[in-house]
Each structure stands twice: as structure tokens, then as C-alpha cells.
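This report refers to the structure that appears directly beneath it.
The values are calculated or read from the model by the stated rules, or taken from the named source; none is laboratory data. Only a predicted model underlies this, so the values are computations on that prediction, with no experimental measurement involved. Cβ placement follows ideal geometry from the backbone for every residue including glycine, while neighbour counts extend to all protein chains displayed.
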Amino acid sequence: MSLLSIKNLSAVSDRDGGAPILRSVSLELRPGETLGLVGESGAGKSTISKAVLGMLPRTVRITGGTAVFCGRDLLGLSSRELRKITGSEITLIPQDPMTALNPGRRIESQLTDGLRLKRGMSSDEARRIGLELLEEVHIREPERVMRAYPHELSGGMRQRVLIAAAFAMDPKLVVADEPTTALDVTVQKQILRLIRAMQARHGTSVIFVTHDLGVVAQICDRVTLLYGGMVVEAGATKEIMECPRHPYMQALLAAGPRYDRPDRKLAPVPESIFAGLREELASFDRRETRNG
Amino acid sequence: MVDVTIVQPPALPRRRLLTDLLANPKVLFGGGFILMLVLLAIFAPWIAPRDPIEQDLMLGTLPPVGLPGAEPGYYLGTDDLGRDVLSRLIHGSRVALTVAFIAASLAALVGAMLGLLAGWYGGWVDAVVSRLVDIWMAFPPVLLSILLVAILGSGIHSVVAAIVIIDWTRFCRVVRAETMAQASMDYVTAARTIGFPRFTILMREILPNVAPVLIALMSLEMGIAVIVEAILSFVGLSVASGTPTWGGMIAQGRQIIHHGWWVLAFPLLTLFATVLAFNQLGDGLRRVIDPVMRR
Amino acid sequence: MADTLLSASSIEVVYGAVHKIKVLHGIDLTIAKGETLGIVGESGSGKTTLGRALLRLVDVAKGTITFDGMDITHLGDGAMRPLRRRMQMIFQDPMSSLNPRHSIRQILTGPLLLHGLATDRRDADRQASQVIERVGLPLVSLDRNPHELSGGQRQRVGIARAVVMRPDFVLADEVVSGLDVSTQAQVLSLIGELSREMGLAVAFISHDLSVIRAICDRVMVLQGGRIVEEGACSSVFDAPRSDYTRTLLDAIPLPDPMPGWLEG
């Protein structure tokens with residue numbers, strides 16, 4: 001039984017004259033599982049996560065497919081129905097902790113927004129839960145942090161607050177959109193550990209969007225690799241990391257430098273692999289035009 | 001030289017600036033209207049159906065064509081002295097546009113120069129310019145302009161001088177802020193590591209990036225100048241009373257509003273459309289010219 | 001190191017006129033001709049400030065900087081100009097480091113003409129064409145503006161601008177952190193090749209130890225404006241002496257699933 005099941009999701013960009021940005025993407029997410037969505041810029045990973053969160057920009061048009069979450073197709077819901085799900089059953093851990101918090105509001109009000117507005121809690125009740133959440137994400141002096149404004153906190157602290165906010169509503173699914181890209185490696189490790197712990201405690205599924213294969217290897221149960229809005233490779237993380245099937249995945253694993261393999265030469269992804277990928281995209285588009 | 005692959009840049013056709021400008025509705029509307037006004041102003045004696053100062057008391061306060069009592073040939077009616085409203089509007093655009101173009105250009109020149117220097121060199125240059133601007137902006141502008149024209153004497157030169165003296169601060173502030181923003185960009189650091197002299201960096205690297213804001217602001221300023229000129233004409237401090245101006249027409253129309261509303265309405269409408277057109281043009285230009293915003 | 005090109009001794013940098021904040025607490029370093037030194041640290045370590053101090057883009061409060069035997073610590077703009085040709089920089093964000101209103105041709109020929117390295121515009125054009133081909137871009141790129149290129153292509157232009165004057169020293173500040181993995185490896189190997197071909201000394205600033213190891217001879221680890229550890233890559237990476245270096249290395253997620261890594 002899957003929590004989220006995306007089938008043949010296709011989308012085009014109205015700005016670029018109807019250029020395809022998702023090409024029949026399918027993926028499954030089981031309860032409690034972490035799925036890594038990887039790809040380079042323009043691969044479509046953030047389009048997928050935005051579609052799930054109901055935050056697609058107006059310039060992106062879905063042309064086909066379904067995204068069934070707990071029995072309901074998210075793509076077929078009215079914006080009113082969708083708002084009931086996003087922000088409470090599906091929440092987001094954003095990429096940039098520096099801009100994701102409103103600089104003019106105290107942490108308390110931002111952290112408890114959802115509890116008060118969507119759960120109808122009183123401020124006192126919301127405050128009590130907010131304090132518990134801050135303790136849960138290992139923030140010392142939660143009382144002080146509740147009163148603080150975002151600029152008084154470090155990047156790592158802000159990301160902890162955002163994680164607390166994402167789990168505040170006990171969501172079934174959390175979309176983590178490159179949540180550690182802007183952080184130092186030592187902080188990144190703490191944040192990854194925290195997401196893992198919160199997820200285990202709340203029984204939440206996570207879609208982890210990233211471009212870092214190292215992060216994927218350490219935190220994701222399964223992984224989907226995208227290129228040009230098309231799924232190139234998908235499967236259990238361990239299998240894919242140990243014996244990747246698609247040449248693009250093989251090349252990406254070989255291209256990233258590793259401090260533990262000094263003897264390994266830098267191996268840029270050969271142009272022939274991109275040519276092959278472009279050919280795959282073109283033949284997909286030809287099939288589409290013929291069928292549709 | 002082996003493993004560096006040659007990657008073709010995306011097949012992005014380099015769009016021509018002119019076609020881009022024409023494709024922007026704001027530029028098209030605003031620019032088109034201003035262009036029409038400019039042509040009207042230049043060829044006013046040939047286009048205007050009548051002499052704008054010729055009085056004929058027998059034909060006083062004629063309503064516009066289409067209303068009862070209108071005379072053929074007086075399309076927008078006449079004022080209480082029997083002067084043709086349309087012809088006066090057309091001739092009035094001469095003063096309005098002359099003031100707009102000259103005053104806005106001069107204010108931009110003075111303000112932008114000081115703003116660039118203050119924003120780029122900082123230190124005491126910035127301190128002096130910024131204090132000057134602060135003090136300058138503490139004066140109420142309309143009062144100051146009336147005072148200035150009263151001192152300088154009326155006439156188109158005084159109107160232009162009053163606008164420049166008051167409005168250079170607007171350019172100075174915006175250009176200074178924009179210069180500082182650009183100065184913090186890495187391409188400016190790159191120019192420093194290459195060894196370009198400071199003034200060269202200002203002219204070669206920074207000025208072209210400040211230009212879009214400057215052009216937009218100039219267009220806005222032209223709209224403001226048209227209004228200021230109208231205000232000064234309204235209070236009788238602009239050009240000699242014989243020359244038709246929109247502000248003068250509004251002042252005159254105000255007195256006969258009960259039996260000749262058109263004498264007030266048409267210049268007011270023209271003024272409104274002109275200022276709107278300048279604002280739209282400015283906004284559109286900024287969007288089209290800025291290469292970063294264009295994408 | 002006999003052939004020292006650039007050296008700094010106990011330099012300190014202080015920011016702010018009123019609330020003085022010391023960002024560098026006495027840094028010593030030397031870079032030999034043709035050598036690539038990695039400078040690694042997390043945010044707030046002072047690595048970026050150190051790089052800019054070496055290029056005399058920020059002033060040092062104490063200490064001396066020597067370039068090719070010459071004390072450049074307090075040289076004025078005019079006196080620095082002839083040296084500027086010899087010390088160049090590649091930036092982190094190629095978009096903001098290329099003037100959006102200049103064509104790639106202007107970006108590359110401007111420096112040549114300024115320093116009199118080209119006899120005339122034709123000659124500058126010829127040299128720009130050579131370098132643009134060397135960094136793996138087609139000649140048509142010369143007539144493009146930066147925003148018409150992709151991120152990786154822009155970074156190649158950034159590299160071309162740094163090497164077009166045939167410098168002796170290049171500072172590379174987080175040059176691949178904004179790029180995709182596949183582009184990263186291309187840009188890194190390009191920098192590696194160029195430094196070998198031209199005998200360039202490179203100071204390579206990065207937060208990514210894997211990237212440092214791939215292209216540097218020596219590495220220096222900074223924390224809070226102080227040097228924590230320094231040495232040949234092989235010794236620092238294989239047998240780190242400082243706890244901080246070890247923490248940094250342990251925090252890097254490697255693309256092999258390692259159960260227990262998160263908890264470690």
C-alpha cells in the first residue's frame with residue numbers, strides 16, 4: 001500500500017512555448033519511507049515536489065497523469081480541497097533557511113501558525129506544543145528561541161525551527177527540498193540525523209530532493225534519478241549505488257570527486273552520455289506526438 | 001586539451017532591441033502616445049485647425065462638436081474668449097514637452113553624476129552629497145518651486161531651472177543606491193583584480209548597469225515635470241500669459257466650469273494621459289532594456 | 001619551497017570601523033610557483049577574506065604579503081596595477097562576476113588592451129578567440145552576453161578571463177560550488193590542466209574536501225580565522241592530526257550507503 005503514487009505525470013512550460021518539463025514520471029512512496037529525488041538543475045525534481053505541494057507556478061501546466069495521495073488525486077482537487085491537505089498532511093522543509101522565515105515575525109508565531117489556523121488551537125496550547133517541538137529538534141533554551149526573531153538565530157538553528165514547523169502538524173508526508181544545500185557539512189550531518197529521527201518518531205514519509213548523491217546514499221531508502229523531466233533510473237539506494245544500470249548514473253557516480261579515493265582521476269560525464277540522454281528524450285517526445 | 005568537451009550554447013536567437021521594445025505593450029502605448037504628442041508639438045502650426053490665440057467674442061464658450069449649439073470646425077469647443085480649445089491644446093503641448101525633456105534631462109545629468117560619485121567613491125564624497133540631499137529634501141517642493149520662479153522671474157527658463165534645482169535629488173538618491181548595489185557585485189571586484197582604474201570601472205562597468213533605472217526614472221520625471229509646469233502655469237508663474245499652456249487652460253476653465261466644463265476637462269484629460277504615458281513608457285523601458293530582467 | 005611566489009606572514013584582517021571584528025588572527029602561508037594550495041573551512045572560517053587579502057582586495061591590519069619577492073602589503077592602486085596582470089581571480093558565482101551588459105568579447109579583450117598585452121583590437125580579438133577555444137567554448141560565444149550562456153559555460157568564461165593575461169597566480173574562490181556534478185568535474189579538470197600548462201600557482205578555496213583533494217597539492221584547514229592544520233594532501237587526508245579536520249572529513253556523506261554513518 002503506497003502513501004503517494006504518481007503515475008505518468010507530464011507537464012509543459014507555457015513560458016518556453018510548451019516545452020516538456022516532466023515526461024511521464026511515475027514513482028511510489030510507501031509509508032515511513034524516504035525517497036530521494038535526484039538530478040541536475042532542470043531535471044524536474046523541484047517541479048515534482050511543487051506539484052505534490054500544490055505550489056506549481058502558473059507557467060507550468062500539467063498535461064497528464066495522476067498523483068494519488070491517500071486515495072485522492074492531488075491534481076484533481078480544487079485549490080480549496082488542496083489547501084486542507086498541504087500544510088497539514090503534506091508539509092515542506094524549504095531549501096534556504098535564511099529566507100524561508102519572515103524576518104519581521106517572532107519564531108513563536110511562525111512556528112505555531114499551522115496549529116492555530118488549521119487545528120484551531122488556542123495560543124497557549126499552540127505555544128506549549130511549539131516548545132515541545134523545539135525541544136524535539138534539540139534546541140536549547142526553547143523559551144528564548146520562541147521569543148527571538150529569525151536574524152538572531154544561526155542558519156543551522158533556523159533550519160531546526162523549520163523542521164519543527166514541518167513536523168508540527170504530524171504530517172503523513174514531508175517534502176524536503178534541498179534542506180542542507182545552504183549549510184556547512186558538519187551542520188548538514190546534524191540536520192540529516194534530525195530529519196531521520198523526526199521521521200522515525202512521527203512515522204512520516206519523506207521526499208528528499210537533492211543533487212548530492214552522498215546525501216542520498218546516507219538517508220534515502222530508495223532513489224529516483226531524473227534527467228530532462230524523465231525518470232532515468234529508480235530503485236533501492238543500495239543497489240543503485242553499488243551497481244548502477246544506466247550509463248548516466250554510472251557517470252555521475254564516477255564524476256563526483258571523493259576525498260577517500262585520491263588515486264581516482266577526475267572523470268567528467270562524457271558528452272556521448274548526454275547525447276544518449278537527449279536521444280532518449282527525443283524518442284520519448286516522438287512517441288508522445290504519435291500517440292497523442 | 002582532451003577531456004574538455006565543446007558544448008554549444010543554447011540556440012537562443014539574439015533578439016533585437018527594437019522588436020523587443022515594440023513587443024512590450026507599455027512601451028507601445030506610452031511611447032506611441034508621447035511620439036504623437038511630439039509630432040503634434042513640432043507641427044502645431046500646420047496641424048492645429050485655428051490660431052490658438054485668436055479671439056472671437058462672438059464665438060465664446062462654444063461646446064464641443066456633437067453637443068447642441070456647437071459650431072462645425074471647433075471640434076472641442078471654444079473658451080469664453082472664443083479661442084479654439086483643440087488648437088490651444090496642441091500648441092500647449094509645445095511648452096509641456098519642452099519643459100519635460102529639458103528639465104528631466106538636466107535633472108538626470110546633475111543627479112546621476114553626483115549619485116554615481118557618491119555611491120562609488122563613498123567616504124567624504126558620499127558624506128557631502130548625502131547631507132546635501134537630506135537638507136535639500138527637507139524643503140517642501142511645490143512651495144520651493146513657486147518661490148524659485150518668483151525670484152528668477154517667470155518664463156520657460158525659470159520653470160526648467162526650478163524643476164532641475166528641486167528634482168536632481170530624486171535621481172541622486174536612486175542612482176547612489178543602485179551604484180552601491182552594483183559596486184558590491186563580483187564583476188566589479190573582477191574589474192579591480194584586472195587593474196582597471198577606479199573611474200574607468202565606474203564608467204565601463206557600473207554606469208551601463210545603472211542606465212536602465214536611470215532611463216526609467218527619467219521617463220517618470222518627464223511626467224512629473226509636465227505636472228509641475230502645469231501647476232506653475234495654473235498659478236500664472238510659467239510662460240507669458242499669451243502662450244497657450246495646459247495649466248493656464250485649466251486655470252481659465254476652472255472659472256467657467258459651470259457653463260463651459262470642456263475648457264477645464266480637455267486639458268485635464270490630456271495632462272492625465274501624458275503623465276500616464278510617461279510612467280508606462282518608463283516602466284516598459286526598464287523591463288526591456290535590463291538584460292537580466294528580460295529573461 | 002625554494003621558489004616561493006606568494007607568501008603571507010601573520011596577517012590579521014579586521015572588519016568594521018566602530019565594532020571591530022577580527023576575521024583573521026595571524027595567518028602564515030606560502031605558495032610556490034606552479035603549486036596548488038587548497039584552503040578549506042566552513043562559513044565564518046575566514047577563507048574568503050584570506051583570499052581577498054592575498055589579492056589586496058581587502059586591507060590587512062597587521063602582517064605582510066609578499067609577491068615574487070616584493071612587499072605588496074601597502075601598495076596603492078597605481079603601484080599594484082602592473083602586478084594585477086600577474087594575480088587573477090575566478091569567482092564562485094559566474095553570473096554576478098560577469099558584467100551582464102558586456103559581451104564575452106568585451107570581457108576578454110578589455111584586460112588585454114588595458115595592460116597593453118595586445119598590439120591592437122585585432123590582436124586582442126585573436127587572443128580572446130584562442131583562450132575561448134582553450135576553455136572549450138565555441139567561438140560564437142564571444143558575441144554572446146553572460147545571461148545567454150549556461151552556468152558551466154559562464155564559469156568557463158570566468159576562467160578564460162582569469163588566464164587570458166597569462167598570470168602567475170590565480171585565486172579560485174568556491175568556483176564549483178554552484179555547479180552541477182557533471183559540470184563540476186569538467187571545470188575542475190580544466191583548472192587542473194591550465195595550471196599545469198601555464199605553470200600557474202593556484203589558491204583553491206573550497207568548503208568541499210573532496211574537491212580539494214582532487215586538485216590540490218597541499219591543503220590548509222581554517223577555523224575561526226586560524227590555521228588548524230596544514231600539510232600535503234596525502235598526510236592531512238590520510239592521517240589528520242587535528243580533531244577538527246577529522247570532524248570535517250567524517251561529516252562528508254560519501255555515495256556508498258554506510259549504515260551507522262548518520263549516528264557516528
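Filter the strands (runs of 3 or more DSSP E) completely within the stretch C:36-122 down to those with at least 3 residues that are modelled with pLDDT of 95 or more and of a type in the set (Val, Ile, Thr). Full working, then the answer.
Numbers: elements: C:36-40, C:62-67, C:87-90.
Passing ranges, in order: C:36-40, C:62-67.
When you go through A:Val209, A:Val269 one by one, which is the residue that is touching a Ser or Thr at 6+ places or on another chain (Cβ under 9 Å) and at pLDDT below 95?
A:Val269
Listed residues C:Leu209, C:Leu149, C:Leu179, C:Leu200; which is touching a Leu at 6+ places or on another chain (Cβ under 7 Å), modelled with pLDDT under 95 and crowded, with 20+ Cβ neighbours inside 10 Å?
Criteria check complete, one pass: C:Leu209.
Look at A:Gly17 and say whether it is farther than 30 Å from A:Pro244 by Cα and modelled with pLDDT under 90. Spell out how you get there, then give the answer.
Working: farther than 30 Å from A:Pro244 by Cα: yes; modelled with pLDDT under 90: yes.
Yes; evaluated as a whole, the condition is true for this residue.
Taking C:Leu171, is it outside any helix (DSSP H, G or I) and either surrounded by 24 or more Cβ atoms within 10 Å (Cβ to Cβ) or among the aromatic types (Phe, Trp, Tyr) (or both)?
On the way: outside any helix (DSSP H, G or I): yes; either surrounded by 24 or more Cβ atoms within 10 Å (Cβ to Cβ) or among the aromatic types (Phe, Trp, Tyr) (or both): yes.
For C:Leu171, the condition - outside any helix (DSSP H, G or I) and either surrounded by 24 or more Cβ atoms within 10 Å (Cβ to Cβ) or among the aromatic types (Phe, Trp, Tyr) (or both) - is met.
Condition (residue is assigned to a loop (DSSP other than H, G, I, E, B) and on the phi > 0 side of the Ramachandran plot) applied to the stretch A:102-117: is it met by at least one residue? Full working, then the answer.
Initial filter on the stretch A:102-117 (assigned to a loop (DSSP other than H, G, I, E, B)): A:102-106.
So of that shortlist, the ones also on the phi > 0 side of the Ramachandran plot come out as none.
No, every residue in the stretch A:102-117 fails to be assigned to a loop (DSSP other than H, G, I, E, B) and on the phi > 0 side of the Ramachandran plot.
Report the residue count in the stretch A:6-53 for those that are under 30 Å from A:Leu192 (Cβ atoms), crowded, with 18+ Cβ neighbours inside 10 Å and not charged (D, E, K, R).
Count: 23.
Report the residue count in the stretch C:82-128 for those that are over 21 Å from the mean Cα position of the chain (by Cα), within 11 Å of chain B (Cβ to nearest Cβ) and among the β-branched types (Val, Ile, Thr).
Selection size over the stretch C:82-128: 0.
For residues that are buried (at least 19 other Cβ atoms within 10 Å of the Cβ) and under 17 Å from C:Thr183 (Cβ atoms), scanning just the stretch C:136-146, find the one that is nearest to the other protein chains (Cβ to nearest Cβ).
Per the stated criteria, the residue is C:Gly136.
Does A:Gly228 fit the bill of being exposed (fewer than 14 other Cβ atoms within 10 Å of the Cβ), out of contact with any strand residue (DSSP E or B) (no Cβ under 6 Å at 6 or more places or on another chain), more than 8 Å from chain C (Cβ to nearest Cβ) and touching a residue at least 12 places away in the same chain (Cβ under 8 Å)?
No.
Restricting to the stretch C:235-249, name every residue that is more than 7 Å from chain A (Cβ to nearest Cβ) and within 25 Å of the chain's Cα centre (by Cα).
Listed by number, the residues that qualify are C:Ser235, C:Val236, C:Asp238, C:Pro240, C:Ser242, C:Tyr244, C:Thr245, C:Arg246.
Which of (1) farther than 26 Å from A:Ala254 by Cβ; (2) within 11 Å of chain C (Cβ to nearest Cβ) does A:Asp212 not meet, given it meets every other one?
(1)
Could you look through the stretch A:174-209, keep only residues that are of a type in the set (Asp, Glu) and touching an Asp or Glu at 6+ places or on another chain (Cβ under 9 Å), and pick out the one that is farthest from the other protein chains (Cβ to nearest Cβ)?
Taking the stretch A:174-209 as the starting set, the residues that turn out to be of a type in the set (Asp, Glu) are A:177-178, A:184.
This time we only want the ones that are touching an Asp or Glu at 6+ places or on another chain (Cβ under 9 Å), so: A:178, A:184.
Working: A:Glu178: 13, A:Asp184: 4 Å.
Ranking the candidates gives A:Glu178 first.
Quick one: which of A:Leu134, A:Leu183, A:Leu192 is touching a helix residue (DSSP H, G or I) at 6+ places or on another chain (Cβ under 7 Å), buried (at least 20 other Cβ atoms within 10 Å of the Cβ) and in a loop (DSSP other than H, G, I, E, B)?
On inspection, the qualifying residue turns out to be A:Leu183.
Scan the stretch C:1-57 for residues that are polar (S, T, N, Q), in contact with a Gly (Cβ under 7 Å, 6 or more places away or on another chain) and within 20 Å of C:Ile191 (Cβ to Cβ) and report the count.
0
Output the qualifying pairs, or none if there are none: Cβ atoms under 7 angstrom, residues six or more apart or on different chains, first residue in the stretch B:226-251 and in contact (Cβ under 8 Å) with a residue 24 or more places away in the chain and surrounded by fewer than 22 Cβ atoms within 10 Å (Cβ to Cβ), second residue assigned to a loop (DSSP other than H, G, I, E, B) and of a type in the set (A, V, I, L, M).
Once the first residue is in contact (Cβ under 8 Å) with a residue 24 or more places away in the chain and surrounded by fewer than 22 Cβ atoms within 10 Å (Cβ to Cβ) and sits in the stretch B:226-251, its partners that are assigned to a loop (DSSP other than H, G, I, E, B) and of a type in the set (A, V, I, L, M) give B:Gly242/B:Ile53.
For C:Ile132, only one of the following conditions fails: (1) in contact with a Pro (Cβ under 9 Å, 6 or more places away or on another chain); (2) in a helix (DSSP H, G or I); (3) facing another protein chain (nearest Cβ under 8 Å). What is its number?
Result: C:Ile132 fails condition (3) only.
Conditions: (1) within 9 Å of chain B (Cβ to nearest Cβ); (2) free of Cβ contacts under 8 Å to residues at least 24 places away in the same chain; (3) farther than 23 Å from C:Glu197 by Cα. C:Gln153 meets all but one. Number of the miss?
Every listed condition holds for C:Gln153 apart from (3).
Scanning the stretch C:221-264 for residues that are assigned to a helix (DSSP H, G or I) and touching a residue at least 40 places away in the same chain (Cβ under 8 Å), which turns out nearest to C:Ile21 (Cα to Cα)?
C:Leu248
Answer yes or no: is there a residue in the stretch C:13-30 that is out of contact with any His (no Cβ under 6 Å at 6 or more places or on another chain), in a helix (DSSP H, G or I) and either free of Cβ contacts under 8 Å to residues at least 40 places away in the same chain or closer than 30 Å to C:Val140 by Cβ (or both).
no
Within the stretch C:180-188, is there a residue that is within 12 Å of chain B (Cβ to nearest Cβ), of a type outside the set (Gly, Ala, Ser) and out of contact with any helix residue (DSSP H, G or I) (no Cβ under 9 Å at 6 or more places or on another chain)?
Checking the stretch C:180-188: not a single residue is within 12 Å of chain B (Cβ to nearest Cβ), of a type outside the set (Gly, Ala, Ser) and out of contact with any helix residue (DSSP H, G or I) (no Cβ under 9 Å at 6 or more places or on another chain).
Can you report the number of residues in the stretch B:197-225 which are buried (at least 22 other Cβ atoms within 10 Å of the Cβ) and not in a helix (DSSP H, G or I)?
Number of matching residues: 0.
Name the residue, out of A:Ala43, A:Ala51, that is in a loop (DSSP other than H, G, I, E, B) and at pLDDT 90 or above. Explain how you work it out, then say what you get.
On the way: A:Ala51 fails: in a loop (DSSP other than H, G, I, E, B).
None of the others qualify; the one that does is A:Ala43.
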